[in-house]
Amino acid sequence: MNAITVDNLVKEFDRKRAVDRVSFEIQEGELLVLVGPSGCGKTTTLRLLGGLEPVSAGEIRFGERVVNDIRPKDRNVAMVFQDYAIFPHLTVFENIAYGLRSRRTPRQVVRDRVPEAAKTFRIEHLLARKPRQLSGGERQRVALSRAMVRDASLYLYDEPLSNLDAQLRYQAREDILTLHREKGRPTIYVTHDQSEAMALGDRIAVMNAGRIQQVGSGADLYDRPVNVFVAYFIGTPSINLFELQVEVDGDRVLATGSGLRLELHPSMAGEARRYAGRKIKLGVRPEHLHVPRMAPFEVTDDTTIHGIVNLVEPTSAGSTVYLALSGDGAGSEPQDFVATFKVRLPARYLDQEIPLGVDMSKVHLFDAETGVSLLHGGETAAVPR
Ligand SMILES: Nc1ncnc2c1ncn2[C@@H]1O[C@H](COP(=O)(O)OP(=O)(O)O)[C@@H](O)[C@H]1O
Ligand SMILES: [Mg+2]
C-alpha cells in the first residue's frame, strides 16, 4: 500500500487551474522531490496535502484513508515554509516546542525532544533567544527543527533552503537527508532548482503549468525526457534545441535545416523515419558536443556542426562555450547554442568558426508541434490532453 496517494488532484482559483489533474504516490520512507518553475503549482499542491486549502476535485489518501475533508490539525502533517513562519514573540525553544505542545505532548517529552532536535541543526546554544536575535540561516534551522521534532505522517518542505547561502544550503540539505533517513517517513521536498532536485531525490516529479510532466530518477529525467519541457528544465546549461526537417535518403535518415545536415543514429532512425518530410526538434546537450579530435566517437561530415565562438567561460574542469550556428540561412538571425568541454578552449578561438562533433547516439528527438519525445514514453502524460 502507498503511504500517500494523490489521485487526479485539481485546484482552481477563479476558474484558473493552479493544480491540474496531479497524480503521484509516495511509499513509506520515500522522499519525492517536486520541481518546476515559479508559479507552476508546487506550493498549492503542498497546501492541499496539508489541508490548508480545500481541493476542487480529486482525492488525497494517507494509507487507505481519504483525507480530503480532514482538518489540517488532524492530518498530522509537518510543513516547513520558504518564509520560515516562526513566531517572533516566542523563544527558539518555544518555537520548536510549538507543534508538540499544541498536540498536548507531555512536558517531559517536550523538555527532552526540543534540545535534541535543536542539536541536530546545531542551534542548541540558541534556545533562549528570540528570532530577531538570529541570522537568516539560524531562523531557517529553527523552522527545520520545529518540523523534525514531531512524529508526523507526512513531511512537506516548501523551498526551505532558498534563503540560505550556498554553504549553509549544502549543510542543511545534508541534515534534512540524514533526518529523513532516520525518521523514514514519507516526505515531499519542493524546489525550483533542478540541480537541488537532482542532488536530493530518490524520485523527482517535474511540474509545469499545474501538471506533472514526468516522474522518475534523475537519470531517467536526464537521459529519457518525455518532452521538450523536461529536457530543457533538467540539466545545466540547458539542452540546445534545433528545429529541423526529417529527410529520408535510402537507409539513412537525416535532420536538416539552419545550415545543419546531421545523420540520425541507427538507434533512432526508425522512429524518425515516420516523420519524413516533417519538422522535429533535435535536442543536443552541451556536453554531447565535442572538439573533433577529442570526441569519443568518429566524427564525420554528417555528425558535425559549425559554430562561431561568441564567448568562452572557464569552469573548474574545463570551459563553457557560447556559439552561433554558422552556415545559417542568409537574412535570418543565426541560432545560438552552448557547448561544454572538459578542456579549456584557448581565447584565440574567440570569433573563429570551429567544427564540433555531435554525439548522435545521445541526442533527443521531439515532435516540433507537441513537444512530445519520439523516443521515450512517459510514466505520466507528457503534455496537456
Ligand atoms: N490564493 C490564491 N488565489 C489565486 N491564485 C492563486 C492563489 N494561490 C496561488 N495562486 C496561483 O496559482 C498558481 C500556482 O501558484 P503556486 O502554487 O504558488 O506556484 P509555485 O509554488 O510553483 O511557485 C499561480 O498562478 C498563482 O498565482
Ligand atoms: Mg511556491
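Between residues in the stretch 168-190 that are closer than 19 Å to G136 by Cβ and residues that are modelled with pLDDT under 85 and in a loop (DSSP other than H, G, I, E, B), which pairs lie under 8 Å by C-beta distance while being six or more apart or on different chains?
Listed pairs, sorted by first residue: A172/L164.
When you scan the stretch 187-196, do you find a residue that is more than 16 Å from ligand 2 (Cβ to nearest atom) and surrounded by fewer than 17 Cβ atoms within 10 Å (Cβ to Cβ), even just one?
Quick first cut of the stretch 187-196, residues more than 16 Å from ligand 2 (Cβ to nearest atom) only: 187, 195.
Retained after the next criterion (residues that are surrounded by fewer than 17 Cβ atoms within 10 Å (Cβ to Cβ)): 195.
Yes.
Among the residues of the stretch 54-77 satisfying the criterion of being more than 16 Å from ligand 1 (Cβ to nearest atom) and either at positive phi or not assigned by TED's automatic domain parsing to the domain that holds V190 (or both), which is surrounded by the fewest Cβ atoms within 10 Å (Cβ to Cβ)?
G63
Checking A85 against (1) within 16 Å of ligand 1 (Cβ to nearest atom); (2) of a type outside the set (D, E, K, R); (3) more than 30 Å from V230 (Cβ to Cβ); (4) surrounded by 15 or more Cβ atoms within 10 Å (Cβ to Cβ), only one condition comes out false. Which one?
The single condition A85 does not satisfy is (4).
Do any helices (runs of 4 or more DSSP H) entirely within the stretch 1-113 hold 3 or more residues that are touching a residue at least 40 places away in the same chain (Cβ under 8 Å) and more than 16 Å from ligand 2 (Cβ to nearest atom), and if so, which?
Result: 92-102.
Of the residues that make up the stretch 42-53, is at least one surrounded by fewer than 14 Cβ atoms within 10 Å (Cβ to Cβ), out of contact with any Pro (no Cβ under 6 Å at 6 or more places or on another chain) and either on the phi < 0 side of the Ramachandran plot or among the hydroxyl-bearing types (S, T, Y) (or both)?
The answer is no, given that none of the residues of the stretch 42-53 is surrounded by fewer than 14 Cβ atoms within 10 Å (Cβ to Cβ), out of contact with any Pro (no Cβ under 6 Å at 6 or more places or on another chain) and either on the phi < 0 side of the Ramachandran plot or among the hydroxyl-bearing types (S, T, Y) (or both).
Within the stretch 33-40, is there a residue that is away from ligand 1 (no atom under 16 Å from the Cβ) and either surrounded by 15 or more Cβ atoms within 10 Å (Cβ to Cβ) or at pLDDT 95 or above (or both)? Before the answer, list the steps.
Restricting attention to the stretch 33-40, the residues satisfying the condition of being away from ligand 1 (no atom under 16 Å from the Cβ) are none.
Checked the stretch 33-40: no residue is away from ligand 1 (no atom under 16 Å from the Cβ) and either surrounded by 15 or more Cβ atoms within 10 Å (Cβ to Cβ) or at pLDDT 95 or above (or both).
The values are calculated or read from the model by the stated rules, or taken from the named source; none is laboratory data. Just so it is clear, the model here is predicted, and its values are computed rather than measured. Positions of Cβ are backbone-derived with ideal geometry, glycine not excepted, and every protein chain shown enters the neighbour counts.
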